[in-house]
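Encoded as structure tokens, the structure appears first; notes follow it.
What follows is calculated from the coordinates using simple rules that are stated; it is not laboratory data. What you see is a predicted model; the values in this text were computed from it and never measured. Glycine also receives a Cβ, built like all others from the backbone with ideal geometry; neighbour counts cover every protein chain displayed.
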Amino acid sequence: MTHVEARSQAERVKQIARACGFSRAGVAPAAPDPADLARLDAWVATGLHGTLAWLARDTARRADPRRVLPGARSVVMLAVDYDSGAPRSTQVASRDDEGEPLGWISRYAWGDDYHEVVGARLRALVGRLQAEVEPAASWRWYVDTGPVLERALAARAGLGWIGKHTILVHPDRGSFFFLAAVLTTALLEPDSPTPDHCGTCTACLDACPTHALTGAHVLDARLCISTLTIETRGPLPDADRPKIGRHLFGCDICQDVCPFNRFSRPSGEAAFEPRDGLFAPRLSDVERMDTPTYERLTRRSALKRRKLQGLRDNAAAARANTSKV
């Protein structure tokens, strides 16, 4: 295949991706970047991954798409915007007009589970790519569940740069978007990486309430509120309860203070609009939540990762924290 053909094929892939509901698409080479593996191994070696044990398994495979899909030559990286336009966590009062303390659920979990929404689009996309681009090629997709370094690949594909908070940032859309990957044996012309625009800004590092961002591009998952409120199995350990503040599921603070998120615009995607009861809910309501209410609120929702009793426990810890404020 000639250079011109690889470029034409890549443009066709991006065109189809947009038609399938993806906000942006870019292409990265499937050949690994040794620096990616070095960073991952160093992070794991110091134990900063904490309880996220799956990130420590077979790091060499995770850093090399060719080990995931033999013969892979390209990786199509995709973005799906999810911002609803609702206020940021830093703009919402900690109590309502009646003085009741309010909790916070991460913006990405207000609507339908992104694994399902993005997965449906990926299935449609790959079906079209197989039929319209290169039928003889192999195509394998993942949305946050595969052994691939989505952020590093997305940065190489020109979808943004990895900010100091370790989240991908797009210069015109901020960071409120999901990532998905399609590995393929098809040869597609890669895009150019986006330059890092963080400069001297340290807003995310300064705002992190638990100091989980121990330096630029370094996250200690053991201190991260998202890890504590989502990945903990069973009750929160006593030592961790004060750390979560009023957060019930995830944390948006490092993104909410990022200057580039002033460029974020509502996605218009109904699936990601806040469900009733999930935007800044009363902590007392979550503590008393019964099974039918939980099932209604979390049907096809990422919130199911923290079971009902786990959410109640998070709410109890958050209520104790707000009573001290």
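Quick notes on this structure:
- Inter-site label distance for ALA45 and ALA239 at 7 Å from Cα along Cβ, in nm: 2.5 nm
- Each of MET77, MET289 has some number of other Cβ atoms within 10 Å of its Cβ, and from fewest to most they run MET289, MET77.
- Whole-Hz Karplus values for segment 249-263 come out as 7, x, 8, 10, 4, 5, 7, 5, 8, 5, x, 6, 7, 6, 8 Hz, taken residue by residue from phi with 6.51 cos²θ - 1.76 cosθ + 1.60 and θ = phi - 60°; glycine and proline positions read x.
- Cross-link pairs beyond the 28 Å C-alpha cut-off, checked among LYS14/LYS304; LYS243/LYS307; LYS14/LYS307: LYS14/LYS304; LYS14/LYS307
- Applying a 4.7 Å Cβ-Cβ cutoff to the chain, the cysteines left without a disulfide-compatible partner are CYS20, CYS198, CYS201, CYS208, CYS224, CYS251, CYS258.
- Rough spin-label spacing in nm, given labels placed 7 Å along Cα→Cβ, for GLU5 and ASP285: 5.9 nm
- Helix 3-19 and the long axis of the chain differ in direction by around 40°, with both axes built from C-alpha atoms.
- Among residues other than LEU308 with Cβ under 15 Å from its Cβ, the summed charge is +4 (Lys and Arg +1, Asp and Glu -1).
- Net charge in the neighbourhood of ARG61 (other residues with Cβ under 14 Å of its Cβ; Lys, Arg +1, Asp, Glu -1) is +1.
- Its relative contact order, with pairs defined as Cα atoms under 8 Å and 6+ residues apart, puts the chain at 25 percent.
- Kirkwood-based shape ratio for the chain, expressed as Rg/Rh from alpha carbons: 0.98
- Helix 308-322 axis versus longest C-alpha principal axis of the chain: approximately 60°, rounded to the nearest ten.
- For the chain, the longest principal axis of the alpha carbon atoms and the long axis of helix 114-132 meet at an angle near 10°.
- Annotation for segment 213-266: trypsin sites (Lys or Arg not before Pro) lying in DSSP loop with at most 12 further Cβ atoms inside 10 Å of their Cβ are ARG233.
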